[in-house]
Amino acid sequence: MDMPAVEGSASTQASAADHQKAPDAVPSAKPKAVPGPAHQDHESKHGGAFFMALDEKHHVEGVLMSPGIFKVFLFEEHSLPLSKQEVARANAKVLWGEHEKAPELAMKPSADGLALEAAAPVKVVFPLELTLLIRLPGAAADSRPELFTFPFKEFTHDHTTHKH
Ligand SMILES: [Zn+2]
């Protein structure tokens, strides 16, 4: 961890701090681009429910946007979002509701390609439980999909979509 350089600190310490801050002084064995250990960050990114996948390489977040779009965001082990290319490799469907004849919908990449989404087949009435069945990127096509359950009491407030 880099020590924050304090402006106007004693000059005897300033040179040491400058040395630590110099990018060339970082040992090449530890490139700066690599974040810390995996699975340190399990915070929701879009105001939804955030889960770790059984493969321990991926994370999944589900949100329900008004008036009825279920969106699933995918993340790697450091909780950074997957690329559009990787999102497109996921294979997912959602069971809309809990009853026996709950409609089963295929999830498609969103317009920006950064999430998977499906539109409500019926008017949304809360509480609503959605069940995601997903093969994450890298999972065999014939593997058993992983199941995540998302109970919703209201639409999700995704603060990342707010414009500031
Ligand atoms: Zn994790």
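FYI, it's all coordinate maths here, none of it is from the lab. All of these numbers come straight from a predicted model, not from anything done at the bench. Every residue, glycine as well, gets a Cβ built from its backbone with ideal geometry; the counts of neighbours run over all protein chains shown.
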*Label points 7 Å out from Cα along the Cβ direction at residue 108 and residue 86: separation in nm?*
2.4
*Working out 0.36 nm times the residue gap between residue 55 and residue 126, then minus their Cα-Cα distance, what length gain in nm do you get to one decimal?*
22.4 nm
*Beyond 19 Å, what share of the Cα-Cα pairs of segment 49-161 remains, rounded to the nearest whole percent?*
41
_If I stretch the segment between residue 153 and residue 39 completely, what's the gain in nm (0.36 nm per residue apart, minus their alpha carbon distance), one decimal?_
38.3 nm
